[in-house]
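> Sending over a structure as structure tokens; questions will come in a sec.
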Amino acid sequence: MPSRVDTDAVVIGAGPVGLFQVFQLGLLGLKSHLIDVLPEVGGQCVALYPDKPIYDVPGVPLCTGRELARLLLTQARPFLPLDVASGQCEQVHLGHLVSELQVEGDGCFVVRTDQGLQLRARSVFVAAGAGAFVPRTLNLPALEGAKNVHYHLDDTTIGALAGRHVVISGGGDEALGAALSLSALPDSVQPSELTLLHRRDQFQAEPELDAQVRHLLTSGRLKLVVGMPTDALVQDGRARSVTVLGADSVPRELTFDHLLVRQGMSPKLGPVSQWGMSLDRKQVSVSAATFESSTAGIYAVGDINTYPGKKRLLLCGFHEATLAAHAAAAALNPEAPQHLLYTTTSPLLHQRLGVLQGH
Ligand SMILES: Cc1cc2nc3c(=O)[nH]c(=O)nc-3n(C[C@H](O)[C@H](O)[C@H](O)COP(=O)(O)OP(=O)(O)OC[C@H]3O[C@@H](n4cnc5c(N)ncnc54)[C@H](O)[C@@H]3O)c2cc1C
């Protein structure tokens, strides 16, 4: 990854609105880079309600949060092409927290992430929702930076857990779902031992998931340890054990090879509040015509913005992304005529979408 990349637009936040923003910019001939701190796209839809039904997306009578994210990514794909060799898209930067956003002398913007990526863009679209989603931790400072403490169940993590004793912390959908997924892996890549650590012996998960995990517990394929983790032992950068205070007030050591913390996500506004845009109660104030913030060239769309009549709904975010893209295109190319083109009939849009005319 080059340390500095030039592009038309940077979209901060790969939630549903950020994904649709990339699509709308692409239709107008503008190339975007998309950044999110999460390891996958979808924002709240995937982080907070992946399997819950959504009924009010126009033209989509019913889909789950995860399905909507997948559909939006598929729709944006013509403008986020995959590299044939790597299978990755060089315009998508997941696992990056945008930490800095600066205006340069020539009116361009420099966006920096905590992973050392720098993007130079002519416009910026803040689609940051309620802020960057960060995993809830165990609140044990000793665990910070330990190599064998994981918060996401991605392919690399799953590979590292094979043949190991894994403790999963949490009692909600994320933790129970992880226990179920890991126990369903082929024998060759399954953890050797799985333990669920939760403060109570009651879970807060979907009834079906709850029942499946109870079955794992009774069959002995999963153990349950009930109590509060109060301390951790870390040696040579690896966590070895946590001290768990049981209901009987007796502290016990729980050792493991890997600790998978799955206690849900919480959004942190963090950096967004330091980028110089006018805020109104933690939301970015925007014009309801262009969705431009108080800084020219920075637009804010979706749950992060506020204006008279604002509703935090997917539909409203999609509308905002559309008007923001048109406003940015007009500002970036003031000489070009701004004709409204239809995807059904415009050969230019068909060419940009990479579809045969009329298909
Ligand atoms: C339980 C629940 C059910 C819902 N059901 C519906 C429904 O039925 N219909 C409906 O219309 N709406 C529904 N909503 C609301 C809808 O999900 C939101 O309006 C929508 O997700 C907003 O999309 P967004 O892209 O603006 O923000 P988000 O989905 O919050 O995505 C923002 C993304 O930006 C990332 N980000 C933020 N800051 C940074 C940073 N500094 N660096 C890197 N990444 C960053 C975050 O990690 C996140 O992934 C529901 C919400 C919830 C919680």
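Computed from the coordinates by the stated procedures, all read-outs in this text should not be read as laboratory data. If you're wondering where the values come from, they're calculated on a predicted model, not measured in any experiment. Reconstructed Cβ throughout: ideal geometry from the backbone, glycine too, with neighbour counts over all protein chains shown.
> I'd like the distance between the alpha-carbon centres of region 315-359 and region 15-70, rounded to an integer number of Å.
18
> Work out from phi, with θ = phi - 60° and the Karplus expression 6.51 cos²θ - 1.76 cosθ + 1.60, the ³J(HN,Hα) of each residue of region 263-274, listed in order in whole Hz, and give x for Gly and Pro.
Per-residue couplings from phi come out as 10, x, 10, 9, x, 10, 4, x, x, 3, 6, 9 Hz.
> I would also like to ask the following. Please work out the FRET efficiency for the pair ASN333 and MET228, using the Cβ-Cβ distance as r and a Förster radius of 56 Å; give the result to the nearest 0.05. Don't jump to the answer; show the numbers that get you there.
Values: r = 58 Å, r/R0 = 1.04.
For R0 = 56 Å, the calculated efficiency reads 0.45.
> Take the residue pairs LYS147/LYS282; LYS31/LYS310; LYS52/LYS282; LYS52/LYS311; LYS52/LYS223 and return only those whose Cα atoms are more than 25 Å apart.
Working: LYS147/LYS282 34 Å; LYS31/LYS310 28 Å; LYS52/LYS282 27 Å; LYS52/LYS311 20 Å; LYS52/LYS223 28 Å.
Beyond 25 Å: LYS147/LYS282; LYS31/LYS310; LYS52/LYS282; LYS52/LYS223.
> Another one. Sort ARG281, ARG200, ARG352 so the one with the fewest other Cβ atoms within 10 Å of its own Cβ comes first. Present the calculation step by step, with values, prior to reporting the outcome.
Details: ARG281 6, ARG200 11, ARG352 17.
So the ranking, lowest neighbour count to highest, is ARG281, ARG200, ARG352.
> If you don't mind, another one. Helix-only estimate, please: 222 nm mean residue ellipticity of the chain, summing -39500 (n - 2.57) across DSSP H runs of length 4 or more and dividing by its residues, to the nearest 500.
Details: 8 runs with 85 residues, N = 359.
One gets -7000 deg cm²/dmol as the mean residue ellipticity at 222 nm.
> What is the magnitude of the charge dipole of region 1-131 about its Cα centre, with +1 placed on the Cβ of each Lys and Arg, -1 on the Cβ of each Asp and Glu, and no other charges, expressed in debye to the nearest 20?
Details: 9 positive and 13 negative charges, 30 e Å.
Value, rounded to 20: 140 debye.
> Do any GluC sites (Glu not before Pro) in region 257-356 lie in a DSSP loop with no more than 10 other beta carbon atoms within 10 Å, and if so, which? Walk me through the intermediate numbers first.
Values: sites: GLU292, GLU320, GLU335; in loops: GLU335.
In loop regions of region 257-356 (DSSP not H, G, I, E or B), the sparsely surrounded GluC sites (Glu not before Pro) are GLU335.
> Moving on. Explain nothing, just compute: Karplus ³J(HN,Hα) = 6.51 cos²θ - 1.76 cosθ + 1.60, θ = phi - 60°, for every residue of region 156-167 in order, whole Hz, x for Gly and Pro.
5, 5, 4, x, 5, 8, 4, x, 10, 7, 10, 9
> Around VAL5, which amide H atoms from residues at least 5 apart in sequence, or from another chain, sit under 5 Å from its own amide H, with H modelled in the peptide plane?
Result for VAL5 returns GLN118, LEU119, ARG120.
> So how strong a dipole does region 180-257 carry about its Cα centre when Lys and Arg Cβ are +1 and Asp and Glu Cβ are -1, to the nearest 20 debye?
Approximately 100 debye in magnitude.
> So what is the relative contact order of region 8-114, in percent, for Cα pairs below 8 Å that sit 6 or more residues apart? Show your work: numbers first, answer last.
Details: 176 pairs, mean separation 28.7, N = 107.
Value for region 8-114: 27 percent.
> Do any GluC sites (Glu not before Pro) in region 67-154 lie in a DSSP loop with no more than 16 other beta carbon atoms within 10 Å, and if so, which?
Here the GluC sites (Glu not before Pro) that fit, given the DSSP loop and packing criteria, are GLU90, GLU104, GLU144.
> Give me the one-decimal nm value for the distance between modelled label points at VAL60 and ARG77, 7 Å along each residue's Cα-to-Cβ direction.
1.5
> Follow-up question, since we're still on this one. Report ³J(HN,Hα) in whole Hz for each residue of region 180-195, in order, from the Karplus equation J = 6.51 cos²θ - 1.76 cosθ + 1.60 where θ = phi - 60°; Gly and Pro get x.
5, 4, 5, 6, 8, 5, x, 3, 5, 10, 6, x, 6, 8, 10, 10
> Additional query: Can you tell me, using C-alpha contacts under 8 Å and at least 6 residues apart, the relative contact order of region 137-263 as a whole percent? Walk me through the intermediate numbers first.
On the way: 252 pairs, mean separation 44.7, N = 127.
Result for region 137-263 is 35 percent.
> For a quick check: with amide H placed at 1.01 Å from N, whose amide H comes under 5 Å from GLY264's, ignoring anything fewer than 5 positions away on the same chain?
Here the answer is ARG136, since their amide H atoms fall under 5 Å of that of GLY264.
> For the chain, what relative contact order do you get, as a whole percent, if you take Cα pairs closer than 8 Å and at least 6 residues apart? All intermediate terms of the calculation are to be shown ahead of the outcome.
Values: 727 pairs, mean separation 67.5, N = 359.
Computed value for the chain: 19 percent relative contact order.
> So, one more: Counting other beta carbons within 10 Å of each residue's own, what order do TYR49, TYR342 fall into, fewest first? Intermediate results must be reported in sequence, preceding the final value.
Values: TYR49 15, TYR342 7.
Listed from fewest to most nearby Cβ atoms, that is TYR342, TYR49.
> Given the chain, what percent of its DSSP beta bridges are antiparallel, to the nearest 5?
On the way: 31 of 67 bridges.
So the antiparallel bridges amount to about 45 percent of the total.
> Here is a further query. Sort SER241, SER86, SER181 so the one with the fewest other Cβ atoms within 10 Å of its own Cβ comes first. It would help to have the intermediate numbers written out before the result.
Details: SER241 18, SER86 8, SER181 11.
With the sparsest Cβ surroundings first, the list reads SER86, SER181, SER241.
> Report, by chain and number, residues whose modeled amide H sits under 5 Å from the one on GLU100, excluding near sequence neighbours (fewer than 5 apart, same chain).
The answer is ARG112.
> Along the three principal axes, how long is the chain when you take its alpha carbons, biggest first, rounded to the nearest angstrom?
Taking the Cα atoms of the chain, the three principal extents are 73, 45, 44 Å.
> Here's another thing I want to ask about it. Which of the chymotrypsin sites (Phe, Trp or Tyr not before Pro) found in region 1-98 are loop residues per DSSP with 15 or fewer other Cβ atoms within 10 Å of their Cβ? Display every interim value, and only then the final one.
Details: sites: PHE20, PHE23, TYR55, PHE79; in loops: TYR55.
For chymotrypsin sites (Phe, Trp or Tyr not before Pro) across region 1-98 that sit outside H, G, I, E and B with at most 15 neighbouring Cβ atoms in 10 Å, the list reads TYR55.
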